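Below is one structure; the comments refer to it alone.
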Amino acid sequence: MILTSANLVFIVTLTIMPFLLIGVIKKIKACFQNRVGPPVFQSLYNLVKLFNKDEILSKDCSWIFRSGPLISFSGMLLLCLSVPWLPLQPPVPGCDIFLFVYVLALIRFFSIISSIDAGSPFSSFAASREATLSFLAEPAFVLALVALGISAHSSDLALIFGQPIENNRIPLSVWFFSGLALFLSGIVELSRMPIDDPSTHLELTMVHEAMVIENSGPNLALVEWSYALKLLLFFGLIAQCFVYSLSKIIALPPLLLPLSVLVVMLALGCLTAMIESFSVKLSWGKNPDFIAYAVSMSLLSSLAAFAMNGGS
Amino acid sequence: MNDLVLILSIPIAATLLAIFCPKIAVLSRTVSLALWFYFAILVYLFAPLFASKQAIYLFAGLSADRIAAAFILLTVIISASAITQAGIFFEHELLSENPAENLHVRQFYILAMLFLLSMITVFFCQNLGFLWMSIEATTLLSAGLVYFHRSQNSLEATWKYFIICSVGIALALLGVVLIYASSQYACSEGTLAIPELIRLAGLLNIPLFKLGFIFAFLGFATKSGVFPLHSWLPDAYSEAPAPASAMFSGALLNCALYAIMRLCDICRASGHFAAAFSILLWAGSITVIAAAIFLVHQHGIKRLWAYSSIENAGLMLVAIATGSWSLFLLQAANHSLAKTSLFLLSGNIIQATGTKQLKDIRGVLTFCPVWGVLLALSAFAVTGVPPFGVFISEWLILNELMVMGQFLPVAILLAGLALAFIAVSVHLGQILFGVPKKNFRIFRPTLSSLVPGLLLLGSLVLGFTVTPSLLAVFTP
Amino acid sequence: MISIIEPKDEMELLPALKQWLQNDEHRLGLITSLDGKQLVTLLLDLASRQAKCWITEFAGDSYRSFTSSVPQAHWFERALFDMYGLLPKGHPRLKPALLNEAYSGIFAPLRSLAEHDEGKSYERDLSYMDVGGEGVYEVPVGPVHAGIIEPGHFRLSCMGERILNLEIRLGFLHRGVEKRLTEVPLTKTRFIAEAVASDTAAANAIASAQAIESLAGLVVPEKAVCLRALALEIERLSMHVCDLGGMAADLGCGAISAAFSRLRGSVFRLGELLSGSRFLRAYILPGGVARDADRYLAEFARTLKPLRKELNVVIDSFISDAMVLERLDGVGVLSPAFAKEFGLVGVAGRASAVSYDVRKVFQNKILPEPRIRFESAGDALSRTKIRVFEIGTSLDLIEQLLASLPSGPIAVAAPELLVPDSIAVGIVEAFRGELIHMISTDNKGRIKRYAVKDPSLNNWTGLAIAVRNNFLADFPVCNKSFGLSYSGHDL
Amino acid sequence: MMNEVNLLTVTAAVFAIMMSGSGQSRTNLLLYAMQTFFIALACLAQAEAKGSPELYTVVIGIIVIKVLTVPYFLSWLANKIEARSDPGAFLPIPLTMHVSILLFALSHFLALGLPLFKGIGSVASDATGAISLLLTGMLFMLTRRFALGQIIGFLTLENGIFLFAVTQTKGMPFIIEMGILLDVLVAVMIGGLFVFRIQKSFEHIDVTQLNGLKE
C-alpha cells in the first residue's frame, strides 16, 4: 500500500470519522433533551478507558465468547479497507457485493454465537432477536446493492461507487431509492431507533446492547469499535448514494466529492439523532412493518434499475 | 337567461320552503303542487322546441335539444309523481310505530329537490366535464335519500352506494380526461363540448378516444347498475324510502344512460360506432339475462323491482346500441312510468305490512284489492305484456336487432325477458294471493292508488299511441 | 377515622367477607394481625364512609385461607406468613411476599422475641412457578436492574417473544418499617411513616397523621386540611409527570422524557414553596402542618401558571403522537373483571373501570371534589390517559385550593396520648391509589401495631396478569404504565 | 422542465406506495397530503411550462382543499372516532405496499404500451405515476378494513386521475378543474359524515363487517 494523499485522507477519516459520527449523534440528541451531552470524542476516550480495564469473564463461557469481538472487529476493519465508503479507491481492491454481504453475515454469525456463549439469558434472546431482524432486513440491503450493481453492470463495489462522477451511468432514481433502502435497513443493522433504542437501559427491550451485555474491558472495547466502524461503513455507503443522486441534479466538482460525502455522513448522523429524539421505539410485532419499507425501497430501486437498463 | 331562471325557480323555491317550513303537511302539498306546476312550465318552455326550434340555449355549455327536453319532462313527471305520493307516504310514516323525525322528512324534501335539479342539469349538459360533474352531484345529493330511515341497513346501503358510485364516477372522469386528450389531436386546445367533439369527431385520436369511451362507459354503467357493477343498486333501491326508490329507478337510471347516449353521439360521429355498438349490445344483453336470473331468487319486494330495473337498464343499453335514440327514449319512458308505479305501490304495501320480505307479504288482493290489481298491472307493464308501452318498445328493439342480423343477442334477450316475466309472475302470484297477516294497516287505499294508477294509465296510453312517425320527431 | 371493631368467628369470617365484597360499595381494606394471634380484616364501606374491623381470634399458627374465594386476599396472606409465620391452610401458592431468600426460615419479624426463642421455624417455599412445554424458557430480571430503579425480581416464562407467565418476587427492600413504627416515640412517628415510600411522602404522612389524630381526638384546622390537600396534589402532580416522563423514556422519546423531567423540577419547586422541602418531607404532622406558606403563595401562583401551560404542550405532543398511541394501544390489557376481582386501586384500577377514588369518598368535606374519569380498555394507553387526566385534575384542584384557602391556625398542639384499645385508620388517595395506615393501640394508649397498606400491594398482581401474552419487549412499558412502588410494598 | 414534472409525479406515486404500507390513519393522511402536495408541485411545473395562469389558481385550490382541508378534516374525524390503526382486510398491510410496487411496475408497462401521448410531448413516466396512483388507490380501497381507509383510497385514485389530466392534456378547462376539486371536497365531507354515522350506529367502521344486506 502506497501512502498517497488519497490514502492518507482515507486512513485519517477511518480513524476519526466513526467516533465523530457517534459523538455527533449523541451531542444532537443531548441538544434535543436540553442537555450539554458528552464531549464529541467521548466514545474514543471510552475506548481507551476500556482497553485499560480488566476483563471479567463468566465462568461458563469459552473461547468463542472471547473471539467473537475480535472476529467482528477484524472483519469490519477489512470491509472498511476494501469498500469505497468515501468515493476513493479503497486500499484493498476488489470487493464484490457478495463478498461484502458474506463478510457482514460472518461477523453477525460470530457475534451471535459469542453472545449465546456468554450464557446470560439476555444476550441469548438478544441474539435471537438480532438473527430475526437481520434475516428480515438483509434482503432489502442486498437487493439495494444489487440494483446498483445492475445499473453499473458490475458487482464490484469499487466500480459501482468509484466511478468517475461525470459519466456515472447509474440513474438518479436507483441511487436515491438504494440510498433510502440502505438507510432504512441500516437503521435495523445498526440497531438504532425505532427498531432498537441504543440509549435504553431496559434489558428486555434491547437488542444490540443486550447482546454485548456480558462483554467487558478490552473485549467490550472491540465490540464498540467494530460497531463504530460498521456505522462508518453504512453511513459511508448511504451518503455516497445520496451524493451521487444529488450530483445528477447539481454538477459537483470531483474534488469536492469526498468532502460532500463526509458532510452527508454527518447530516445522516443528524437525521438519525432527530429520529431517535422524536420517534417511538416500535413494538416488536411492528418491526416487520418497518422493515417492509426498506424492502419496498429496494424493490423500487431494482425496478428502476431494470426499467432504465431496458431503456438504455 | 330567463329560461335558466324558470328552470331553477321551482326546485330552489321548494328547497327553501323545506328549509324554513316545519309543517310537513303544508310542505308536502305545496311541493307536490309546485312540481306539477313546474312540469307545466317546462312543457310551455319546451313547446317551441318540438314545433320548430332546434335547441333551447340556457347558459354556456347548457342547452337542450328535443330528446333532452323529452327526458327532462319524463324526469319531472316521475319526480312529481314520487313527491306527490311522498306526501301520503310520510303522513303514514309519521304515524307509524317508530315515526320518522320531522327534521329527517324535511331533509328528504331538501335533498330530493336538489337531486331533481342535478338530474335536470344532466340533460342540459352539452359539455362532458359538466355532464360528469352533474352526474357526480346526483350521487352526492341522493346518498342522503337512501339514509332516510337511519337504520343500520340503510346506512350500509348508503355507504355502498356512495363508495361504489364514487369510484365508478371517478373512472368516468378518467374517461372524460382521455377523451379530452384525444380531442387535442383535433384542435390545439382540446375541447369537452359535445357539439364541438361531434364536429371534430373525424380528427380525434381514435385509440385514446376508444379508451376514454370505455372508461366513461364503465363509470356511467356503474351508476346505471349494469351487470356486474350493479351490486350497490338492489341495496340502495331497497333501503331508500319508496318515493326515493321511484326517483332512483324512474329518473336517475335514465340520467346515467343518457350520459352513455351522449358519448355514443360522439362515437357515431367519429365513424367508430361499431366498437361501441358491440360493447353496449353485449353489456346490455348480459345484464338482461343476469338480472333475470337474479330475479328468480329474491326475498325482498323492492329488491325484486330493483333487479327488474337492472334488467331494463340492460334493455336500454341495447336500445342505445341500436343507434336509435328515440327507441331508447321510448323504452326509458315506458319503464319509468310503470316502474315508478310499482315502487310507489310497493311502498304502500311495505308500510301496510311492515315488512319488505316477500315471504311475509301475502294476500294483497284480499286486503286491498285496488293495490293488488294495480300492482299486478304495473308488474305486467314492466315485464312487457301488451298492451302496455314496454311491450311496444321491447318489440321495436328486438325488431331492430333482427334487422341488423344480431340473432344471438336477440335470443339472449328473449330468454332473459321470458325468464324475468316468469320470475316476476311467480313472485307476484305469491304476493297477491294467499292469506294476509292479521295486522295489516291499510292507509288511504284510494288516494294512495291515485298516482300509481295515473302512471299506469300513462304507460297504457304510450302503448296505444306510439307510432314510428311520433318517434321520428326525436330523431336528430 | 376510628374504626368499628366487631369480633368475628373464624368459621363465619370467609362467608361474611364474600358477602361483604358482593356489594359494589364495599371494599376490603387490608388483612393483617395485631400480634399473630388473630386476624384483623379492615373493611371499608364507601356508602356510609365507615371503616370496620373484624377481629378473628384463633388458636395456633394457622387459619383457613381465603385466597381461593377472595383472590385479593392472597397478597395479605403471604405477607402475614412472612411477618408472623401464620400459615393460611389451603393457600394455592404460598410464597414469600415481603421477605426474600436472605432471611432464614425461623425469622418472622413481627413475632415477639419470646416466640423466636422457642425455635419455631417456618418453611418458606422459594421456588418459582414451573411453566412446562417445549420451547418455554425463563428470563430472570432483577433484582439488580440495569437502570437506577428499585430492586424487584421478575421471573418471566416466555415462548418465543411472548410472555406466558410472570412471577414477581419482591421484598428486597424489607426494612422492618412497621415494627419500627411501633417502637419510636409518637413525635418521631411521622418521619418513619413518610419514609415508607419516599415518593409518596406526603400521602404517607397524611395517612399517618389522620390515624393518629383520630386516636387522639384532634380536630385539624381547616387551613391545615387545605394545605395538606395541596401537598398531596403537588405530590400527585410531580409523580404523574415523572411517570409520564418514564413512560416516554421507555418508549424511546428522549426529548419528551427530558421535557417531563424538567417540568417535574418545576413541580418540585411548588412543593418547596409550600413546604420548604422539594420532596414534601417533614411538612405534615399530627395536628396540622409544619409551615405556613402564606408568604410564598404569590410566587406559588406565579410558578403554577406557566407550568400548566408548558405541561399542556408537552403532554399534548406526547399523547397525541400517533406512534405513541399505536405503541400503547392494546399493550398490557387488564380486564375490568380481573381488576375488580383483585381489588385494583388508583390509576391502574381506573383504567380498568374501577372508579374508586378515596378523594371522592373519605376526604374532608371542605375540600373541592375532584373530577374522576375511568376507562374500560385496561391497556397501557388507558392508564396513560388516566394519568394525563389526573394531572389536569390535580392542577385544577391546586388552583381551587389556592383560590379558597381559609385563614386561621395551621396546626393544633401535637397529641401526647392516644385512646387505648382502639383501631384507627388513615386513608388517602396517594398518586398510586388508596393508601391505608392502620394504628392499633394497647391498653395504655401506646401504638401496638402499625400496619401500612400501600396501593402497590393491590396492584402488583394486576401487573403480573396484564403482561401475560404480551411481547417480552413490552414488559417495561407495561411495568411503567402501572408505575408501582417497591419500597412501599416491602415494609 | 418536463424532467422535473416527471420527478415530481414519480415522487407522488412513491408517497402513495408508502401510504399503502401504513395502517395508521394519521400516517396515511400525512402521506396523502405529501402525495397531493407533490401533485400540486407537478401541476405548478406544468403551469410554468404551459404558461397558463389558470393552472396557478388550480394549484392554490389543490393546496387549500386537498393538501390542507381534506387531510385535516379526516384526521380530525379519525381522532374523533378513535380510528387509529387499520388492521387491513385481505392482505397484511406491509404486503400491500409490495403489491403496490408491483402495480407501479405494471403501470410503467401500461404507460409504455398504451397508444398514448406520443404526439403531445409529455413523458410516459408521468403516466406511470398517474396510473400507479390510480391503481394504488384502488388497492388501498380493497385492502382496508376501515371506511376511512376507503375514503383515503378513493382520494388517491382521484389524485391519479387528476394527475393524468394535468400531465397528459394541455390542461383541462379551468371551470372543470375547479368543479372537480369542489366535488372532491363535498364527497369527502359527505363521506366523512357517513363514516361518523357508521361509527355511531355500528360502533366500528369496519366495512368488511357491513354485510347485513347480503342475501
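Values in this text are rule-based calculations from the coordinates and carry no lab data. Since we're looking at a predicted model, the values are computed, not measured. Cβ atoms come from the backbone with ideal geometry, glycine included; neighbour counts cover every protein chain shown.
Full extension of the segment from B:S469 to B:Q152, taken as 0.36 nm per residue of separation minus the current Cα-Cα distance, would add 109.1 nm. Among the DSSP helices (H) of chain C, those spanning at least 30 angstrom by Cα along their long axis with an average Kyte-Doolittle hydropathy of -1.0 or more are C:222-251, C:254-275, C:297-319, C:380-403; this is a geometric and hydropathy rule only. Size of region A:1-143: Rg and Dmax of its alpha carbons, in Å, are 17.9, 49.
The label point for C:S48 and the one for B:V435, both projected 7 Å from the Cα toward the Cβ, are 6.4 nm apart. Using bins of 10 Å that start at zero, the share of Cα-Cα pairs per bin across region C:298-343 amounts to 22, 24, 26, 23, 6, in whole %.
Seen against the Cα atoms of chain A and their longest principal axis, helix A:63-82 is set at about 20 degrees.
Computed as a quarter of the hull surface, the mean projected area of the alpha carbon convex hull for region B:390-476 stands at 8.7 nm². Using the Cβ-Cβ distance between B:L408 and B:V373 with R0 = 30 Å, the FRET efficiency computed as 1/(1 + (r/R0)^6) comes to roughly 0.20. Counting only lysines at least 8 places from B:K359 when in the same chain, those with an alpha carbon closer than 24 Å to its own are B:K302, B:K339, B:K437, B:K438, D:K214. Paramagnetic label reach from A:A251 (point 7 Å along Cα→Cβ; backbone nitrogen cut-off under 16 Å): within region A:161-204, residues A:165-168. Note on region B:235-334: Rg/Rh from C-alpha atoms, Kirkwood Rh, equals 1.02.
In this simple spin-label approximation, C:E341 and C:D24 carry label points 7 Å from Cα along the Cα→Cβ vector, and these lie 1.9 nm apart. If you take the Cα centroid of region C:154-227 and the Cα centroid of region C:378-437, the two points sit 14 Å apart.
Across the protein assembly as shown, Cα-Cα pairs more than 47 Å apart make up 54 percent of the total. Quick one: angle between helix D:25-50 and the longest Cα principal axis of chain D, in degrees between 0 and 90, rounded to 10, please. Around 20 degrees separate the two axes.
The alpha-carbon positions of region A:191-312 define a convex hull whose volume is 144 Å³ per residue.
The label-point distance for A:W63 and B:E101, in a model that sets each label 7 Å from Cα toward Cβ, rounds to 8.3 nm.
Relative to the longest principal axis of the Cα atoms of chain B, helix B:407-432 runs at roughly 20 degrees. Shielding of peptide B:169-180 by partners, expressed as the average count of other chain Cβ atoms within 10 Å per residue Cβ, is 6. When Rg and the Kirkwood radius Rh are both evaluated on Cα atoms of region C:269-345, their ratio Rg/Rh stands at 1.19. Extension gain, C:T187 to C:V136, is 13.0 nm, computed as 0.36 nm per intervening residue step minus the present C-alpha separation. Highest average first, the peptides C:302-315, B:109-122, A:61-74 ordered by how many other beta carbon atoms sit within 10 Å of their residues are B:109-122, A:61-74, C:302-315. Each listed q (0.15, 0.21, 0.25, 0.26 Å⁻¹) maps to a log10 I(q)/I(0) for region D:64-111 from the Debye sum over equal C-alpha point scatterers, namely -0.68, -0.85, -0.85, -0.85.
Please give the calculated 222 nm ellipticity per residue for the protein assembly as shown, where each DSSP H segment of at least 4 residues contributes -39500 (n - 2.57) and the sum is spread over every residue; nearest 500 deg cm²/dmol?
Numbers: 55 runs with 943 residues, N = 1494.
When only DSSP H runs of four or more count, the value is -21000 deg cm²/dmol.
Report the Cα centroid-to-centroid distance between region B:55-74 and region A:1-47 in angstrom, as an integer. So the two Cα centres are separated by 77 Å.
Between the alpha-carbon centers of region A:242-312 and region C:285-316, tell me the distance in whole angstrom. Their Cα centres are 49 Å away from one another.
Computed from the Cβ-Cβ distance with R0 of 51 Å, the FRET efficiency linking B:A40 to C:L402 stands at 0.10. Provide the net charge surrounding A:P84, with neighbours chosen by a C-beta distance below 13 Å and charges set as Lys +1, Arg +1, Asp -1, Glu -1. For residues surrounding A:P84, the net value is -2.
Dipole check for chain B: with +1 at the C-beta of Lys and Arg, -1 at the C-beta of Asp and Glu, and the Cα centre as origin, the magnitude is about 680 Debye.
Shown is the FRET efficiency for C:Y103 and A:S74, computed with R0 = 35 Å from the Cβ-Cβ distance and rounded to the nearest 0.05: 0.10.
Once the Cα-Cα distance is subtracted from the 0.36 nm per residue extended length, the C:M159 to C:E10 segment shows a gain of 49.3 nm.
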